1. Taking the Cβ of V444 as the centre, find all other residues whose Cβ is under 9 Å away and add up their charges (Lys, Arg: +1; Asp, Glu: -1).
2. Have a look at the DSSP beta bridges in the chain and tell me what percent are antiparallel, nearest 5.
3. With +1 on the Cβ of every Lys and Arg and -1 on the Cβ of every Asp and Glu, and nothing else charged, how large is the dipole of the stretch 164-284 about its Cα centre, in debye rounded to the nearest 20?
4. So if each residue of separation counts as 0.36 nm, and I subtract the Cα-Cα distance between A481 and E323, what length gain in nm does that give?
5. Can you give me the pair-distance distribution of the stretch 54-96, C-alpha pairs, 10 Å bins, whole percents?
6. Between R428 and A45, what is 0.36 nm times their sequence separation minus the Cα-Cα distance? Round to one decimal in nm.
7. Check Y229: other-chain or 5+ apart residues with amide H under 5 Å from its amide H, H built from backbone geometry?
8. So what are the radius of gyration and Dmax for the Cα set of the stretch 375-507, in Å?
Amino acid sequence: MIDFMTYRRKRVRVIYVLFDSLNRHALGCYGGRAVPTPNFDALAARSLVFDNHYVGSLPCMPARRDMQTGRLNFLHRGWGPLEPFDNAFPEILRGRGVYSHLITDHYHYFEEGGIGHHGRYSSWEFFRGQEKDRWKGVVDPPLERLRAEFHPSQFDADRGANSALPYAITRQYIHTEREFPLAQCFTAALDFLGTNRAADNWFLQIECFDPHEPFFAAERYRAGLETDYQGPVLDWPRYGRPDYLLAEAAELRANYLALLAMCDAHLGRLLAWLDAANAWEDTAIILSTDHGLLLGEREYWGKNRPPFFNEIVHIPLLLHHPEVAPGRCRALTQTIDLMPTILDLFDAPVPGEVRGHSLLALLAADRPLRPAALFGQFGGATNITDGRFAWLVYPPPEAPDPLFHYTLMPMHMRSFFEPAELAAATLRPPFDFTRGMPVLKVPVLAEAAGNMRGRYPSLDARTVLYDLEADPGQTAPLAAAHAEEARLRDLMAEIMQAHDAPPEAFLRLGAAPPGAPPLPAAGAAS
């Protein structure tokens with residue numbers, strides 16, 4: 001048995017490395033062969049490698065709220081900030097005398113829909129220039145030159161909040177590898193580690209936007225990844241089923257792999273420091289991602305719109321602990337488990353509303369942690385897996401499909417809620433996790449500019465069941481009304497109840513809310 005208390009008495013130092021859109025199946029330690037990932041693999045060789053780790057809420061900021069609070073976000077609202085009632089782990093650590101530092105280039109933290117997260121850390125650093133980050137002030141950009149430089153599918157001359165133009169401008173200011181935000185994040189991390197090598201009780205989060213699109217990497221990482229593509233810059237795929245030519249699709253995949261190789265190289269800088277400082281013996285390391293990304297599998301690209309296939313939701317997790325021998329873990333885990341795990345590493349109390357589980361028990365023995373994992377995106381399918389089966393459940397045509405945001409922070413991704421949205425808001429009594437605070441119940445309006453559900457309509461929205469053991473590629477759905485569906489339906493309802501899901505979360509799946517009379521069968525007289 002591992003004596004974690006002895007470890008805690010000695011010292012507690014934790015490094016959490018978070019990449020965005022890091023495809024599990026692209027890493028060598030998970031069987032990937034498309035591009036070498038020697039540093040991910042080297043960390044895996046010193047870690048417990050989790051083979052059944054899944055997402056919770058998607059996409060980016062909902063996933064981060066899950067990570068900070070240990071609860072699923074997507075049942076109650078879409079993309080949004082931390083809430084006043086949220087117990088975030090960095091703030092809990094700070095109350096226990098643990099110093100936490102965030103180093104990131106993930107610009108969504110600094111938009112309306114991400115506020116509240118970074119301020120919970122003791123200190124933080126932010127490096128500019130990723131994706132749509134409005135970093136450089138260029139009043140009259142050379143639009144025609146930029147139009148010729150970038151593929152027409154990814155260039156727009158719009159100056160609105162959701163414009164892709166900032167990326168085209170940013171690329172004009174990044175000339176050397178050390179200027180990339182990814183490189184700056186790891187340089188800052190090494191500075192923090194060098195400064196604080198002798199200190200104890202600290203948590204360092206190195207959070208990189210890469211390999212999220214656009215897939216912009218230093219040129220040297222494209223070596224060996226040549227394609228037949230001859231056009232302008234093409235490194236930002238459209239979500240859904242875009243009609244890419246074969247050469248265009250190959251170019252996009254090559255650029256993703258180049259960016260993955262760049263992530264691997266800079267992760268190697270961290271591993272080199274751990275070697276030189278002999279820090280493996282007194283530092284715990286966690287590495288994971290928020291979600292994966294489809295790169296043309298089943299003709300789909302991106303996330304949000306396609307069904308939540310395993311390429312998106314089955315994600316990597318590596319955990320190095322000085323007291324634990326490396327190995328593989330088969331237990332079913334998910335994103336919401338990271339928050340209680342981090343608290344447990346520092347012997348900090350886990351709030352009662354947390355629904356994740358500490359992974360430390362799995363470091364001593366691989367055993368079942370949960371019967372199933374629920375995951376999804378607000379307004380999309382509600383999905384469940386028990387590790388063997390994956391059930392992707394969309395609202396049936398006959399079911400009502402109401403949606404409400406429950407919030408005290410009425411902000412969308414890049415904007416405040418509109419007057420028309422708030423005009424219909426009501427005050428709802430507290431949920432069991434809002435610490436006695438009533439919340440706004442705001443109806444989702446299809447015409448609202450910030451409505452993420454409108455921006456990312458579901459594609460191929462069929463309820464399907466997959467046997468992941470017999471069909472790991474999820475190519476052959478099992479017949480409807482399969483016997484496993486009833487068992488998974490009961491597990492789904494149990495998990496939703498544990499999260500105090502609102503009544504409409506059940507109604508839109510054709511199920512009666514807890515305590516309500518059963519719904520009539522489809523087509524029955526009312």
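1. Neighbour charge sum, excluding V444 itself: 0.
2. 50 percent
3. Here the size comes out at about 200 debye.
4. 52.2 nm
5. 30, 54, 16, 0
6. 132.9 nm
7. Those qualifying (amide H under 5 Å, at least 5 residues apart or on another chain) number zero.
8. 17.1, 51
Here, each number is a calculation from the coordinates, and none is a lab measurement. Keep in mind it's a predicted model, so treat the numbers as computed, not measured. No Cβ is skipped: glycine too gets one built from the backbone with ideal geometry, and neighbour counts run over all protein chains shown.
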